[in-house]
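Here's the structure, in structure tokens; my notes come after.
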Amino acid sequence: MPISVLSTLSLGMAVDFAIHFVGRFQQHYTNEPDLEKALRWTAARPAKGIMRNATLFATAFSVMVLAPLTPYITVGLFIVSMMLLSAAMTLVGLPALIGIFQRHLALSLTKEKAP
């Protein structure tokens, strides 16, 4: 039961990381439509906040690994791994997906700018 609740919370954090990353990327890309520059800018600035947030949560929950009860250890390891994996996928996987689907992304962004 606790793992199902924690997986939902972890999924929420992962989605939050992705929304923040894509939102800031889209904001920069609309002002300057160069894919590489926008990805570099997003990886340099908003990515720091995402990594800090994930590291903070992972560090805070890593204390649970020292608990004497197995459920606490399981929860601690699960949250630590999910925070680090979701941050890594946001910062590595999401830019790769943006690069792969850049034509579709560019079309959708230019349609939004048109009156």
Seminar exercise, completed: Every listed condition ((1) assigned to a helix (DSSP H, G or I); (2) modelled with pLDDT under 85; (3) exposed (fewer than 14 other Cβ atoms within 10 Å of the Cβ)) holds for PRO115 save (1)
Exercise. ARG52: within 12 Å of LEU91 (Cα to Cα) and out of contact with any Leu (no Cβ under 8 Å at 6 or more places or on another chain), yes or no?
Worked result: no
For this session: Go through segment 35-85 and count every residue that is surrounded by 13 or more Cβ atoms within 10 Å (Cβ to Cβ), among the hydrophobic types (A, V, I, L, M, F, W, C) and farther than 30 Å from ARG103 by Cβ.
Result: 17
Seminar exercise, completed: Checked segment 1-60 for anything more than 17 Å from the chain's Cα centre (by Cα), over 16 Å from VAL75 (Cα atoms) and hydroxyl-bearing (Ser, Thr, Tyr); matches are TYR29, THR30
For this session: Determine, yes or no, whether GLN102 is at pLDDT below 90, surrounded by 15 or more Cβ atoms within 10 Å (Cβ to Cβ) and polar (S, T, N, Q).
Result: no
For this session: For LEU39, state whether it is in contact (Cβ under 8 Å) with a residue 12 or more places away in the chain and touching a helix residue (DSSP H, G or I) at 6+ places or on another chain (Cβ under 9 Å).
Result: yes
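The values are calculated or read from the model by the stated rules, or taken from the named source; none is laboratory data. Computed from a prediction, not measured in an experiment: that's the story for all the values here. Note: ideal-geometry Cβ built from the backbone for every residue, glycine included; neighbour counts use all protein chains shown.
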